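Chemist: Here it is: the structure, laid out below.
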Amino acid sequence: MPYEELPFIDSLEIINAHAKSELRFDITTFEGFNSLSDWHPFRASVLENQPVISDVSTLMVSGSLDPVTPISNSIEALKHLKNGYGVVFPDESHDLLANPCFLKIAEDFLNNPFQKPDLDCSTIRQPIEWNLYQQSK
């Protein structure tokens, strides 16, 4: 994180946003800006935050429930990838390795990266069934 992200984070902007937020937690307990910045002296150049522009076949996979990488990152990246294919799994998160549909799409892509893989199975919804009420026995 100190190499990849801190150069692009405005810590004052984060502190000001926190002050305006209705979420109440102590941001001073987050040592990221202080301790991580001293982790090592290497810093990413501005080039590191520029989009990759390529015609190499690319499969961009996202889960709409991903708490780490928003779908908007894939959408933005695909704008610059001439032969990029995007697929979103609406009921998945960050780790798709246990999803048979993902494995099939990835295999098809690897076997023929110049042809858009069949993404139909990714549209089959598998929503989480929430039980918000404790059942009495």
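Chemist: Can you find, within region 39-75, the residue that is nearest to residue 128 (Cα to Cα) among those that are assigned to a loop (DSSP other than H, G, I, E, B) and of a type in the set (Asp, Glu)? Outline the logic, then answer.
Modeler: Quick first cut of region 39-75, residues assigned to a loop (DSSP other than H, G, I, E, B) only: 39-45, 50-53, 55-57, 64-70.
Remaining after also requiring of a type in the set (Asp, Glu): 55, 66.
Values: 55: 37, 66: 14 Å.
Checking each candidate, the answer is 66.
Chemist: Residue by residue through region 108-137, note down the ones that are of a type outside the set (Val, Ile, Thr) and not in a loop (DSSP other than H, G, I, E, B). Steps first, please.
Modeler: Initial filter on region 108-137 (of a type outside the set (Val, Ile, Thr)): 108-122, 125-127, 129-137.
Matches in region 108-137: 108, 109, 110, 111, 120, 121, 122.
Chemist: Among the residues of region 73-104 satisfying the criterion of being out of contact with any strand residue (DSSP E or B) (no Cβ under 9 Å at 6 or more places or on another chain) and free of Cβ contacts under 8 Å to residues at least 24 places away in the same chain, which is surrounded by the most Cβ atoms within 10 Å (Cβ to Cβ)? Break it down stepwise before answering.
Modeler: Going through region 73-104, the residues out of contact with any strand residue (DSSP E or B) (no Cβ under 9 Å at 6 or more places or on another chain) turn out to be 76, 79, 97-98, 100, 103-104.
With the extra rule that they be free of Cβ contacts under 8 Å to residues at least 24 places away in the same chain, the set shrinks to 97-98, 100, 103-104.
On the way: 97: 7, 98: 8, 100: 8, 103: 12, 104: 15.
Selected residue: 104.
Read-outs throughout are calculated quantities, based only on the coordinates presented, and are distinct from any laboratory measurement. Predicted model only: the values in this text are computed from it and were never measured. Every residue, glycine as well, gets a Cβ built from its backbone with ideal geometry; the counts of neighbours run over all protein chains shown.
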